[in-house]
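Chemist: Got a structure for you, written out below as structure tokens; questions coming shortly.
The values are calculated or read from the model by the stated rules, or taken from the named source; none is laboratory data. What you see is a predicted model, and the numbers here were worked out from it, not measured in a lab. Positions of Cβ are generated from backbone atoms using ideal geometry, with glycine treated the same way; all protein chains shown enter the neighbour counts. Ligands, DNA and RNA are excluded from the accessible area calculation, which covers all protein heavy atoms including side chains. Shrake-Rupley method; radii C 1.70, N 1.55, O 1.52, S 1.80 Å.
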There are 2 protein chains.
Amino acid sequence: MLTSKVLRNRTTELSDAERDTLECALSQTRTFAAGQLVVRQGPPVDVSTLLIEGLMSRHVDAPDGRRHLVAVHVPGDFVDLHAFPLKRLDHDVGALTPVKVAIFTHASLERLQKDDATLMRRLWFLTLLDAAMHRQWIYRLASLNAIERVSHFLCEMNARLLAIGSSDGSEFSLPITQADIGQVCGLTNVHVNRVLRELREAELCHVRGSRVRILNLSELVKKAYFDPAYLYLAPSIAARAAGRSGETHD
Amino acid sequence: MLTSKVLRNRTTELSDAERDTLECALSQTRTFAAGQLVVRQGPPVDVSTLLIEGLMSRHVDAPDGRRHLVAVHVPGDFVDLHAFPLKRLDHDVGALTPVKVAIFTHASLERLQKDDATLMRRLWFLTLLDAAMHRQWIYRLASLNAIERVSHFLCEMNARLLAIGSSDGSEFSLPITQADIGQVCGLTNVHVNRVLRELREAELCHVRGSRVRILNLSELVKKAYFDPAYLYLAPSIAARAAGRSGETHD
DNA sequence: CGCTAGCTTGATCTCACTCAATAGCAGTGG
DNA sequence: CCACTGCTATTGAGTGAGATCAAGCTAGCG
């Protein structure tokens, strides 16, 4: 089921009926190659994109041509649902890896809104989850230093992938480059590399290529000042993501 | 009219009828002193707060006790409307100055949602406007240096105050401390002070106490890489906020 | 096999932080 | 009225985290 990862293991869950309703509203699926731009900033849009497989990013292009990530998306994320009320985007949407997406026309979403107010509020919830993550990114950039920022990002990805069953709580695949991590954390690729080495030497976390292995989650969480409350996870998942509950493979 | 500044001068406007409907749904108004906490992170909430007068902030408290701003709100902002779908907040909400607010119970908003789907989508739009600002704050922190960040923040506040008629396009009141600006821009109060001096010496912008006087908007906009697209302003206001249209008092 | 993208490490530099001291200004109480 | 307190603003000197520049390494791939 294409929508099986939407709002999975969150404080707000979709019922099976709602999942069905949503599934019926989608108009098609598409694939994109890594690096492709999926939605461009500016012009009016009349569809929204649900990520099924792979990783996507949202980024603003700086005037000097450098791009900066403002969000990273995992399967089950409704990447540009905010375009439904906003009608145009203030940033680009791209594929970080090869991706499979499902397309919803805004017309079909409008029909949904009439028929199922509760489901609509769940979708609203989804867009606000993005906003909550944005806030945490702001906090991360404004108050944490390099190693704390990278640790925080790794904890976040672990938690989000855990929620959709793509992390076992300590090991997961994160097929993005060190330069990408730099853009997320406001660091240069060179410094990201040094930080990852430091995390490796501290026996907290191994990042090799696209493989992330968290060796000591509770210590990593502590170093990152990571509190998963902002992800609105179901309590059991939140506890695991925070490294409380013996799930840490030490 | 208490809701007269809500969605004023944006790409999406409220009709007079919608403004009436909204006005009828509000349950009471309250005032808070500067520095007071209005909503606390964590516990379930069943009301949302519309800012009528004054400035408010949203902030996360770092474990070391320091607080970091993730949003600054001006009159007409629905400060914690996101609590309506989310049901609890992942951050605190406080008054930066003495404020007057209007309270909406979530029960009354639910009634609204049933009766007026269009108005509801406008409110959804409002929460996404916050998210768009969050994204720009991320960009600001990750890619701009100190003077660019402060300039960008001043351009943003000018634009937002312009939209609600509280800036004439070059001069406005911003009753917050240099330390507050530091928390917004991820800088120390000391460095904010130096940056403001630099802006003064460059004849770009005078900030004295709570008075901000922009001397050369188009140059300030350029230095800050400021593009007001993310504020979804009505075209004429956007042009003025971007310093294009002879509104610059040089 | 050569090419390119990504990773790794070293040397140097600089922007912003830290620490510290002073000045201005409002409020408060004697 | 002035002394006192506390908060905000201002300026200087020294320091350090992370950027920049540069070079070598590794691995996938046509």
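Chemist: For the protein assembly as shown, just the Cα set please: Rg and Dmax, both in angstrom.
Modeler: Expressed in Å, the Cα Rg and Dmax of the protein assembly as shown come to 21.9, 64.
Chemist: Nm distances between the label at A:Glu53 and the same-position labels in the remaining copies, 7 Å along Cα→Cβ, shortest first?
Modeler: 6.0
Chemist: Collect residues whose amide H, placed 1.01 Å from N in the peptide plane, falls under 5 Å from the amide H of B:Leu174; neighbours closer than 5 in sequence don't count.
Modeler: The answer is B:Arg211, B:Val212.
Chemist: Moving to a separate point now. Show that you can apply the helix-only estimate: for chain A, add -39,500 (n - 2.57) for every DSSP H stretch of four or more residues, divide by all residues, and state [θ] at 222 nm to the nearest 500.
Modeler: -13000 deg cm²/dmol
Chemist: Let me ask another. Whole-Hz ³J(HN,Hα) for each residue in the range B:154-163, computed from phi via Karplus 6.51 cos²θ - 1.76 cosθ + 1.60 with θ = phi - 60°, x for glycine and proline: what do you get?
Modeler: Whole-Hz 3J(HN,Hα) from phi for the range B:154-163: 5, 4, 4, 5, 4, 5, 5, 6, 4, 4.
Chemist: What gaps in nm, shortest first, separate A:Ser236 from its twins in the other copies when you place the label 7 Å past Cα toward the beta carbon?
Modeler: Result for A:Ser236, in nm, nearest copy first: 5.9.
Chemist: Return the long-range amide H neighbours of A:Arg10 (sequence gap of 5 or more, or a different chain), with a cut-off of under 5 Å between placed amide H atoms.
Modeler: A:Ala234
Chemist: What residues qualify as long-range amide H neighbours of B:Val38, i.e. H under 5 Å apart, gap of 5 or more or another chain, H built at 1.01 Å from N?
Modeler: B:Val93, B:Gly94, B:Ala95
Chemist: Can you give the angle from 0 to 90° between the axis of helix A:16-25 and the longest principal axis of chain A, with both taken from C-alpha atoms, to the nearest 10?
Modeler: Helix A:16-25 sits roughly 70 degrees off the main axis of chain A.
Chemist: Give a residue-ordered list of calculated ³J(HN,Hα) values for the range A:39-54 (Karplus: 6.51 cos²θ - 1.76 cosθ + 1.60, θ = phi - 60°; whole Hz; x for Gly, Pro).
Modeler: Result, rounded to whole Hz: 9, 9, 4, x, x, x, 10, 10, 9, 10, 10, 9, 7, 9, 9, x.
Chemist: In chain A, what percent of the accessible surface is made up of carbon and sulfur (1.4 Å probe, ligands and nucleic acids excluded)?
Modeler: Roughly 47 percent, rounded to a whole number.
Chemist: Distance in nm between label sites at B:Thr21 and A:Ser4, each 7 Å beyond Cα in the beta-carbon direction?
Modeler: 3.9 nm
Chemist: Right, next: What net charge do the residues around A:Arg30 carry, taking every other residue with its C-beta under 12 Å from that of A:Arg30, with Lys and Arg at +1 and Asp and Glu at -1?
Modeler: Neighbour charge sum, excluding A:Arg30 itself: 0.
Chemist: HN-Hα J couplings of the range A:75-85 from phi, Karplus 6.51/-1.76/1.60, θ = phi - 60°, integer Hz, Gly and Pro as x?
Modeler: x, x, 7, 8, 4, 10, 4, 4, 5, 5, x
Chemist: For B:Lys100, go 7 angstrom from Cα along the Cα-to-Cβ vector, then report the distances to that same point in the other copies in nm, smallest first.
Modeler: 5.7
Chemist: Over 30 Å between Cα atoms: which of A:Lys5/B:Lys5; A:Lys87/A:Lys223; A:Lys87/B:Lys114; A:Lys87/B:Lys87 fall into that group?
Modeler: A:Lys5/B:Lys5; A:Lys87/A:Lys223
Chemist: For chain A, calculate the relative contact order in percent as a whole number, restricting contacts to Cα pairs under 8 Å that are 6 or more residues apart.
Modeler: Relative contact order of chain A: 20 percent.
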